[in-house]
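**Student:** Right, I'll just put the structure down here and ask away after.
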Amino acid sequence: MRIQPTALRRWIVAGTLATTAVGGGLLLIFARLQAGKAVWTDGFFLNGSQWFDAARTTVTLVGIIGLGGAAFLAYRKQVSTEAGHLLDQSTSLRDRYTITAEQLGHDSAAIRLAGVYALASLADDWHDFGNDDERQVCVDLLCAYLRTARSAERIDRQEENVRSAIIDVLAGRSRKRSDGMDGPWVGLRFALFGADLTRANLAGANLSSANLTGANLSSAGLVGVNLTRVDLGGANLASAFLFGANLTGANLTNANLNSANLTSMNLGAAQLRSTLAEANLTGASLVGAHLTGANLTGARLTCAKLTNTNLVGANLTDAILLEADLSGADLSGADLTGANLILANLDGANLDGANLTNAIYDTHTRWPEGFSPPGSISS
């Protein structure tokens, strides 16, 4: 808070008058005490030494009071200076935002690229300043750029470099650091709905709770990505590489995972009603996942963990379920025509109405108690 000059002068004049009045009053009090009279009677008379002692005591006490006042004024000045400094810093940061926003909209790809890194740096500076709301605004602007449609005149190598830089910034600051600590942007909101992230490399990024509804992630590198509770409804993940990705609690309703590689991926409790035709799910953990009506035609599910998975009405035609754990899974009404179930574990699974025509299995295939599989055992 700044003190206006006029108000400050008034405070100084008032303080001086008050100090003078207090000093005069104290001098009379100490003079009476020197005369040995606690109450005014017929006046009193002091010699020079007594007047000197009374004045010295008065000056000392007034000096102490004055030091307190000076300290108070110094404190107010310091507070005013610090407040002014913070205001200047805030104004400077906001001015930088305006400049970087203009850079992102510039016709020159080189200037747009500079704007990307400047905005990322500004976001970090806002965090250091203690204002994470403004940091989120910076991240929102970077995400908004990725959501904008690529105009015909900008589909070139340079524009690809700008978009790749934004993706690198988002992924880099949301990965774990070398010391094992979370990246500085972990926990921020990433609004990337409808964004074109084709072939984007987001390996190792923590995008927990991000909004990727309708995003195009075809052929994207999503190795080890944390996508817990992420909304991927209607997203295109065709041919995406999701090795070791964590999609626990993610929404994959109507997502396209054709030919996606989901090896060792964790889809626990994910909501999924999509196509996984030809998808590579080798070793994937889909324990408790909701795959009702999913298209898993020809999907590779070797050694996959599908314990208690909901596969009601799923299409598993020609799917490879070699050594897959389907214990307790609900496969009622599922189509397992031509599926490879050699060494698979279906103990406790619900196979009511399931189609097992031409399914392949052997003596090591474990079936639900009392269930008689059709056809013959594979040699």
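**Student:** Mind telling me which of the residues S92, S108 ends up being free of Cβ contacts under 8 Å to residues at least 24 places away in the same chain, under 17 Å from A165 (Cβ atoms) and hydroxyl-bearing (S, T, Y)?
**Tutor:** Within the list S92, S108, the selection yields S108.
**Student:** So, one more: Would you call V312 in a loop (DSSP other than H, G, I, E, B), at pLDDT 90 or above and among the aliphatic types (A, V, I, L, M)?
**Tutor:** Taking the combined requirement at face value, the residue satisfies it.
**Student:** Counting only residues that are in a loop (DSSP other than H, G, I, E, B) and either buried (at least 23 other Cβ atoms within 10 Å of the Cβ) or of a type in the set (A, V, I, L, M, F, W, C) (or both), how many does the stretch 221-269 have?
**Tutor:** Count: 21.
**Student:** Would you point out which residue out of R135, R175 is in contact (Cβ under 8 Å) with a residue 12 or more places away in the chain, out of contact with any Lys or Arg (no Cβ under 8 Å at 6 or more places or on another chain), in the same structural domain as T228 (by TED's automatic domain parsing) and not in a helix (DSSP H, G or I)?
**Tutor:** From the options R135, R175, the qualifying one is R175.
The rows are residues; the columns are (1) in contact with a Gly (Cβ under 9 Å, 6 or more places away or on another chain); (2) under 22 Å from D107 (Cβ atoms); (3) exposed (fewer than 15 other Cβ atoms within 10 Å of the Cβ).
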residue: Q136; (1), (2), (3): no, no, no
residue: Q158; (1), (2), (3): no, yes, yes
residue: S164; (1), (2), (3): no, yes, no
residue: L170; (1), (2), (3): no, no, no
residue: S174; (1), (2), (3): yes, no, no
residue: G180; (1), (2), (3): no, no, yes
residue: W185; (1), (2), (3): yes, no, no
residue: A200; (1), (2), (3): yes, no, no
residue: N206; (1), (2), (3): yes, no, no
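Residue-wise test of (1) more than 17 Å from the chain's Cα centre (by Cα); (2) closer than 21 Å to L252 by Cβ.
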{"residue": "I166", "(1), (2)": "no, no"}
{"residue": "G172", "(1), (2)": "no, no"}
{"residue": "R175", "(1), (2)": "no, no"}
{"residue": "A191", "(1), (2)": "no, yes"}
{"residue": "N206", "(1), (2)": "no, yes"}
{"residue": "L212", "(1), (2)": "no, yes"}
{"residue": "S218", "(1), (2)": "yes, yes"}
{"residue": "R229", "(1), (2)": "no, yes"}
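**Student:** V139 is checked against (1) closer than 28 Å to L267 by Cβ; (2) modelled with pLDDT under 95 and fails just one. What number does that condition carry?
**Tutor:** For V139, the exception is condition (2).
**Student:** When you check G249 against the structure, is it of a type outside the set (S, T, N, Q), assigned by TED's automatic domain parsing to the domain that holds L222 and under 22 Å from L346 (Cα atoms), yes or no?
**Tutor:** For G249, the condition - of a type outside the set (S, T, N, Q), assigned by TED's automatic domain parsing to the domain that holds L222 and under 22 Å from L346 (Cα atoms) - is not met.
The values are calculated or read from the model by the stated rules, or taken from the named source; none is laboratory data. In this text, all values refer to a predicted model and were calculated from it rather than measured experimentally. All Cβ positions, even for glycine, are placed from backbone atoms using ideal geometry, and neighbour counts span all protein chains on display.
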